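> First the structure, then my questions, so here it is.
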Amino acid sequence: SPSAYPVDVLIVGGGIGGLSAAFALAREGLRVRVLEQAREFGEVGAGLQIAPNCTRILHDYGLLDEAKHLGVLPKSMVMRDAVDGSELTRLDLVDLEREYGFPYMVIHRSDLHGIFLRACRRAGVDLITDARVSGYENTVSGARVLLADGRVDKARIVIAADGLHSVARRLLVDDEPVSSSYVAYRAALPIEQVGRDVDLSEVSVHVGPRCHFVRYGLRGGAMLNQVAVFQSPKALAGEEDWGTPDELDDAFAATCPDVQAGIPLMWRDRWWRMFDRDPIMTWGDGGIALLGDAAHPPLQYMAQGAIMAIEDGWVLAKHVAARRAEDGSIDWQGALAAYEAVRPEHCRRVLTTARAWGELWHLDGVARLQRNTLLRARDTYDYSFTDWIYGPTALTPEEEPPMFSPIPLDSVDVSGLADRVEA
Ligand code: FAD
């Protein structure tokens, strides 16, 4: 019986995925504990883009107003060519909100993480830090985790939300992170330190040969967020020490003045090498299931990584709630099966599209010009390629909309990516 366990659900990892799933399950009345390896709950990094498929869930959780208060609702998203600065295509985010019923938002990572942390506290989630999980095991009626310090904990089910380097994933597949040879530099700084006028009503993306640059406002416009991403020549040459700041300036040397003005503001003491993993379609083993980056770490070109993690927890909690009997018992295997019937395929689509999208952004020569022609031809108010992402999160495979892209993704060569493997 469920009461044989101190909690119903153990969640490993207190990132955005783990905490949002903990909240989703706790608000269904479950007893939930989160085990986080760090000494404190927190997030490093800068901004996050949160599309309507996620603000819809924040609304369902009663957390959207708080998020809106801390974030920014930009009016447009504009993609430009990084070399000549010309506009390629745009989304009208005011109209997009009308289309999908929920806004497109940008928010500081630590603010979104904090919203879920406070919501977990209010919902009575048991939040444990300094707890690194090193092993997992199914038992007759539940699952057990082994902590690095020798402690053991158990629950009816264990959700592993332990990120890109997931230990739990090894139960299911023997794979490694795939290096893209690209690296991201970030900066989030007070607007006074920017030293020039920047239009914070837009999310701006400049795409260029082997590089791109993203810029938007945070905290009601009090901060500017920038991301500068480029392919590292040292990574391609097989050098260990790749993605270092000396490569940053070279990578953006041929970009337009608007992009170049942003580069000196980038943080230079920290950078993020970009890895994803090949999609996997099995996320569960008995009473243990993967969630978030542990299951589906993407390249960030679709800006859906954290969103997919939040969707995972929402979908799982809905299936758990639908399978609870009057005596409170839950058909856990049914709930996990329903989760696994719908989420891996959606995330597989996002992961593969993100790879292709990245290749498309970074084209050079004639291919770049062809891309620009295709993007310029897109009607601003044509939402056929965002419907499958920004529409309501599917609870069943039947609800999952067909995938559509205005760009023939098959024509973009992503075959080389899998060869550039490096842990
Ligand atoms: P993580 O955030 O990695 O959290 C895992 C947690 O588990 C951590 O707290 C870790 O300490 C803990 N942990 C790990 N191992 C153990 C263990 N053994 N025991 C206990 N605890 C453990 N996504 C978007 O939606 N929108 C964006 O605009 C966006 N932009 C991005 C830009 C960049 C440059 C990058 C790199 C990513 C971006 N993403 C974006 C993706 C997003 O950041 C991730 O997909 C998301 O943070 C994953 O959340 P998670 O909770 O699954 O994993």
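The values are calculated or read from the model by the stated rules, or taken from the named source; none is laboratory data. Since the structure is predicted, the reported quantities are computational estimates derived from the model, not experimental observations. Ideal geometry is used to build each Cβ from the backbone, glycine not excepted, and the neighbour counts take in all protein chains shown. Note: accessible area is taken over every heavy atom of the protein model, side chains too, but ligands, DNA and RNA are not part of it. Shrake-Rupley method; radii C 1.70, N 1.55, O 1.52, S 1.80 Å.
> Let me spell it out: the conditions are (1) touching a strand residue (DSSP E or B) at 6+ places or on another chain (Cβ under 8 Å); (2) within 8 Å of the ligand (Cβ to nearest atom), and Glu43 meets all of them except one. Which number is the exception?
With (1) touching a strand residue (DSSP E or B) at 6+ places or on another chain (Cβ under 8 Å); (2) within 8 Å of the ligand (Cβ to nearest atom) applied to Glu43, the lone miss is (1).
> Taking the condition more than 20 Å from Asp312 (Cβ to Cβ), at pLDDT 95 or above, in contact with a Leu (Cβ under 7 Å, 6 or more places away or on another chain) and open to solvent by less than 10 Å² (accessible area, probe 1.4 Å), does Asp111 pass?
Criteria not met by Asp111.
> Then there's this: Looking at region 16-37 only, could you name the residues that are within 6 Å of the ligand (Cβ to nearest atom) and more than 10 Å from Leu291 (Cβ to Cβ)?
Ile16, Leu35, Glu36, Gln37, listed by residue number.
> Select from region 371-413 the residues that are aliphatic (A, V, I, L, M), part of a helix (DSSP H, G or I) and either loosely packed, with under 15 Cβ neighbours inside 10 Å or modelled with pLDDT under 90 (or both) and list them in ascending order.
Within region 371-413, Leu374, Ala377, Leu409 qualify.
> Can I ask one more? Just to be sure before I move on: is Leu96 touching a residue at least 12 places away in the same chain (Cβ under 8 Å), more than 15 Å from the ligand (Cβ to nearest atom) and touching a Phe, Trp or Tyr at 6+ places or on another chain (Cβ under 8 Å) in the structure I sent? Lay out the reasoning, then the answer.
Details: touching a residue at least 12 places away in the same chain (Cβ under 8 Å): yes; more than 15 Å from the ligand (Cβ to nearest atom): yes; touching a Phe, Trp or Tyr at 6+ places or on another chain (Cβ under 8 Å): yes.
It is true that Leu96 is touching a residue at least 12 places away in the same chain (Cβ under 8 Å), more than 15 Å from the ligand (Cβ to nearest atom) and touching a Phe, Trp or Tyr at 6+ places or on another chain (Cβ under 8 Å).
> Consider Ala254 carefully, then state whether it is at pLDDT 95 or above and over 24 Å from the mean Cα position of the chain (by Cα).
So Ala254 fits the description; yes.
> Right, another one. Out of everything in region 79-104 that is surrounded by fewer than 19 Cβ atoms within 10 Å (Cβ to Cβ) and of a type in the set (Val, Ile, Thr), what residue ends up being farthest from the chain's Cα centre (by Cα)?
Residue satisfying both the conditions and the ranking: Val83.
> Another question, then. What number goes with the only condition from (1) within 15 Å of the ligand (Cβ to nearest atom); (2) hydrophobic (A, V, I, L, M, F, W, C); (3) under 29 Å from Leu164 (Cα atoms) that Val7 does not pass?
(1)
> Please specify each residue of region 145-177 satisfying the condition of being away from the ligand (no atom under 14 Å from the Cβ) and within 23 Å of the chain's Cα centre (by Cα).
Leu172, Val173, Asp174, Asp175, Glu176
> Now for a different question. Determine if region 61-74 includes at least one residue that is within 13 Å of the ligand (Cβ to nearest atom) and open to solvent by 50 Å² or more (accessible area, probe 1.4 Å).
No, region 61-74 contains no residue that is within 13 Å of the ligand (Cβ to nearest atom) and open to solvent by 50 Å² or more (accessible area, probe 1.4 Å).
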